[in-house]
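Contents: one structure, followed by commentary.
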Amino acid sequence: MKILMTLVLLMMTCQVQAQRVVNLWPGIAPGSEGWKQKEVIVDDTPVGTVAINVVTPTLTAYLPQPGTATGLGIIIAPGGYCMALALGQGGNDVVRWLQQRGIAAFVLKYRTQEKREQGIPRDVDMDRACKYGIADGIQALEVVRAHSKEWGIAPNHIGMLGFSAGGMVVSGALLQGDAAARPDFVALLYGAPFGKMPAIPAKLPPMFMAWAQDDDVGRDAVVRFYDALLIAGNPPEAHIYRTGGHGFAIKPQGTTSDHWTQHLMDWLRANAFLPITPPDSTHQ
């Protein structure tokens with residue numbers, strides 16, 4: 001019996017870690033033909049694995065087991081000021097959590113501005129820094145939709161989840177001019193357009209937003225975007241936590257922001273993107 005249980009656990013671990021890496025663009029990504037920087041991966045940071053100087057954008061797919069698949073797909077855009085990508089805490093950790101709940105999840109490694117100094121410069125031009133990341137986010141939607149049948153995803157159940165600057169990438173995909181190419185829903189975690197406020201079209205897809213009141217990094221931009229959405233007639237689901245800071249992601253802190261994952265699941269079910277009863281009732 002112990003041997004059988006061990007085998008089952010090993011199989012489950014392998015399934016959770018199974019992944020496919022897909023290049024977003026055929027050949028060099030448009031607009032970065034002259035880039036000379038070399039990508040660097042750093043594993044031992046406070047937020048886990050971080051990618052710097054990303055030149056070749058990719059999607060890493062985490063597909064659920066067929067018996068638990070819900071038909072939902074979510075593209076994850078990590079944060080990092082569009083100068084680095086927090087692929088651990090705001091990427092792989094979250095995407096595995098989604099995969100275990102029957103959701104096909106994809107880590108978007110989008111292009112970042114070349115980083116030439118230690119730390120983050122004080123005056124980052126976010127519109128310039130995130131320009132190529134937004135293009136990659138829009139392309140990621142096209143790639144996932146093109147593979148939706150192969151990956152077991154309903155073509156009208158493809159959303160995006162962005163953390164911090166990843167929220168700017170996701171909002172760029174949300175606000176693009178081609179309404180048919182927009183995601184079917186978005187979730188923004190302490191993220192929003194951090195540069196100039198873009199035009200807000202009417203009749204946007206459903207939106208989920210969550211942030212903490214003690215977030216001195218992203219709060220003002222997030223609130224400004226929230227207010228702009230309301231004025232444009234696009235009220236999002238909003239969860240404002242008293243504490244949690246910036247970058248709470250999926251790490252437990254003992255604050256109410258720890259529960260954003262459950263709030264997101266409830267919202268997805270209420271909007272018919274997930275079944276009311278999960279395929280595996282142990283995955284709440």
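The values are calculated or read from the model by the stated rules, or taken from the named source; none is laboratory data. In this text the structure is predicted, and so the values were computed from the model without any measurement. A quick note on method: Cβ atoms are made from the backbone with ideal geometry, for glycine too, and the neighbour counts reach across all protein chains shown.
Summary of computed values
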item	result
Hey, A77 in contact (Cβ under 8 Å) with a residue 12 or more places away in the chain and closer than 24 Å to Q176 by Cβ or not	yes
Entirely in the stretch 1-96, the strands (runs of 3 or more DSSP E) that have 2 or more residues that are at pLDDT 90 or above and touching a Pro at 6+ places or on another chain (Cβ under 7 Å)	84-86
Set A29, A51: member being hydrophobic (A, V, I, L, M, F, W, C), surrounded by fewer than 22 Cβ atoms within 10 Å (Cβ to Cβ) and within 16 Å of the chain's Cα centre (by Cα)	A51
The stretch 209-247 - residue that is within 13 Å of S164 (Cα to Cα) and assigned to a strand (DSSP E or B) and, of those, farthest from the chain's Cα centre (by Cα)	A212
Filter result for T112 (of a type in the set (S, T, Y), over 15 Å from V21 (Cα atoms) and touching a Pro at 6+ places or on another chain (Cβ under 9 Å))	no
